[in-house]
1. I need the strands (runs of 3 or more DSSP E) fully contained in the range 85-144, keeping only those with at least 1 residues that are charged (D, E, K, R) and under 22 Å from CYS74 (Cβ atoms).
2. Taking the range 1-21 as the region of interest, how many residues are over 14 Å from the mean Cα position of the chain (by Cα) and not hydroxyl-bearing (Ser, Thr, Tyr)?
3. Of these, ASP108, ASP68, which one is touching a helix residue (DSSP H, G or I) at 6+ places or on another chain (Cβ under 9 Å), within 24 Å of PRO15 (Cβ to Cβ) and free of Cβ contacts under 8 Å to residues at least 40 places away in the same chain?
4. Considering every residue within the range 124-143, establish whether at least one is surrounded by 13 or more Cβ atoms within 10 Å (Cβ to Cβ), under 16 Å from the mean Cα position of the chain (by Cα) and farther than 19 Å from GLY34 by Cα.
5. Which of (1) out of contact with any Ser or Thr (no Cβ under 7 Å at 6 or more places or on another chain); (2) farther than 26 Å from ILE6 by Cα is the odd one out, the single condition PRO81 does not satisfy?
6. Looking only at the range 27-48, count every residue that is under 26 Å from LYS92 (Cα atoms), more than 12 Å from the chain's Cα centre (by Cα) and not basic (Lys, Arg) and tell me the total.
7. Mind checking which strands (runs of 3 or more DSSP E) fall wholly inside the range 27-71 and carry at least 2 residues that are of a type in the set (D, E, K, R)?
8. Quick one: which residue in GLY11, GLY46, GLY63, GLY56 is loosely packed, with under 14 Cβ neighbours inside 10 Å and at negative phi?
Amino acid sequence: MAVHYIPEGYGSVTPYMVVEDVDQLVDFLTAAFGAEEKERVPNQDGKTGHAEVLIGDSHVMMGRAQEDFPALPCMLYVYVPDTDACYAQALKAGAQSFQEPQDMFYGDRNAVVTDPTGNTWCIATHQESLSPEELAKRAEENMR
């Protein structure tokens, strides 16, 4: 039987985060976003070298930084049902606030936090869908 080139349940693009402490990131994602842990794979030294979680319908992979593959901070945009509640939950889980929740001109309510491993998370709830014309108008007004 032929195997599909994308594993079942995955999308064409899957974030892969490289951090100093994989366990710390998995624990944060579970506490902050309700991530479902899919796997933790130890390296030869017994420390977690690779892990995967599911946040909503999205898989996120992560690996432990190594001498020849250093930690790479990134920014991810995550949609949640309630920005304010998730923001508070992320802070309780150890995140630092970068931007408190606010309604944005492009139709999302969002907040921004930095996780304990140095990655930035935009936490968003989509509140209204805009036509390209309305989005352009609001963007222009926002720049004033």
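1. Numbers: elements: 96-103, 108-114, 120-126.
Because the criterion is at least 1 residues that are charged (D, E, K, R) and under 22 Å from CYS74 (Cβ atoms), the strands (runs of 3 or more DSSP E) in the range 85-144 that meet it are 96-103, 108-114.
2. Narrowing the range 1-21 to residues over 14 Å from the mean Cα position of the chain (by Cα): 1-12, 20-21.
Applying the additional criterion that residues be not hydroxyl-bearing (Ser, Thr, Tyr) yields 1-4, 6-9, 11, 20-21.
The number of residues fulfilling the criteria is 11.
3. ASP108
4. The answer is no; no qualifying residue exists.
5. (1)
6. Restricting attention to the range 27-48, the residues satisfying the condition of being under 26 Å from LYS92 (Cα atoms) are 27-40, 47-48.
Subset that is more than 12 Å from the chain's Cα centre (by Cα): 27, 31, 36-40, 47-48.
If we keep only those that are not basic (Lys, Arg) as well, we get 27, 31, 36-37, 39, 48.
Number satisfying all stated conditions: 6.
7. On the way: elements: 36-42, 48-55, 58-64.
Strands (runs of 3 or more DSSP E) meeting the threshold: 36-42.
8. Numbers: GLY46 fails: at negative phi; GLY63 fails: loosely packed, with under 14 Cβ neighbours inside 10 Å; GLY56 fails: at negative phi.
On inspection, the qualifying residue turns out to be GLY11.
Only the coordinates and a few stated rules stand behind these numbers; no lab work does. No experiment lies behind these values; they were computed from the predicted model shown. Note that each Cβ is placed from the backbone with ideal geometry, even for glycine, and that neighbours are counted across all protein chains shown.
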